[in-house]
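The structure appears right after this line, and notes come after that.
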Amino acid sequence: MCKTIVMRCILLIWCSVILAMACSEQDKKKETKSDLVKEVKTGTLVPEPAMVVVDSVPKNIQVDSIIQLAFAPDSFSVTVKGHLAKKGDPVICYLPVVKGKKLTATVTPEKPKANIRFSHIYLPDGRSDGPFSPSLKYDLVQKGTYKIYISPNRMAGDPVSTDFVLKVKVE
């Protein structure tokens with residue numbers, strides 16, 4: 001019985017030491033962050049180089065099955081190239097809308113026999129609409145990011161691998 005009490009005491013002490021070490025590590029991390037903020041605000045030298053956040057997501061280029069659409073300054077239209085694989089997975093185009101009332105878009109396949117279309121559009125609030133044809137005219141009722149899905153028209157045959165050109169205009 002005496003050994004059991006001693007073992008429990010040792011275990012309790014050991015757990016207390018680990019807990020104390022963990023808490024002191026978190027305090028050090030908090031102090032380091034606040035010290036860096038103070039140094040940046042006062043203009044003194046920061047010991048580590050400040051990290052610069054750069055938007056590294058490529059715009060108007062397809063990455064996997066996603067295209068992040070972006071308009072050039074003072075432009076309301078964009079033309080991009082994309083690719084649909086034979087397995088028929090959709091390409092999702094993210095379109096941020098801050099102004100404009102009407103979306104006009106067309107998707108033209110490189111292979112004339114490829115039958116692709118706008119399958120769905122998801123509004124910023126999560127509602128969806130579709131399917132559509134290879135051309136799309138849609139009233140933009142909300143500001144935010146719209147998701148436009150481009151996929152093969154499965155009712156018109158088997159999916160075909162093809163490149164396509166997407167033209168989008170927001171007025």
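Taken together, the values in this text are just the output of simple stated rules run on the coordinates, not laboratory data. Predicted model, so just to flag it, every value in this text is computed and none were measured. Cβ: placed from backbone, ideal geometry, glycine included. Neighbour counts: every protein chain shown.
Which entries of LYS113/LYS147; LYS111/LYS147; LYS59/LYS111; LYS86/LYS169; LYS101/LYS147; LYS137/LYS167 have Cα-Cα distances beyond 20 Å here?
Over 20 Å apart, Cα to Cα: LYS113/LYS147; LYS111/LYS147; LYS59/LYS111; LYS86/LYS169.
Work out how much length ASP158 to THR79 would gain on full extension: take 0.36 nm times their residue separation and subtract the Cα-Cα distance, in nm to one decimal.
The span from ASP158 to THR79 would gain 25.8 nm if fully extended.
Taking 0.36 nm per intervening residue step and subtracting the Cα-Cα distance, what contour gain separates LYS101 from THR145 on full extension? Present the calculation step by step, with values, prior to reporting the outcome.
Numbers: separation 44, 0.36 × 44 = 15.84 nm, distance 1.37 nm.
Extending this stretch completely gives an extra 14.5 nm.
Subtracting the Cα-Cα distance from 0.36 nm times the residue separation, let me have the gained length for ILE13 to ASP125 in nm, one decimal.
Extra length available between ILE13 and ASP125 comes to 35.0 nm.
Taking other Cβ within 10 Å of each residue's Cβ, how do THR4, THR108, THR162 sort, fewest first? Present the calculation step by step, with values, prior to reporting the outcome.
Numbers: THR4 8, THR108 14, THR162 19.
Ordered from fewest to most neighbouring Cβ atoms within 10 Å, THR4, THR108, THR162 come out as THR4, THR108, THR162.
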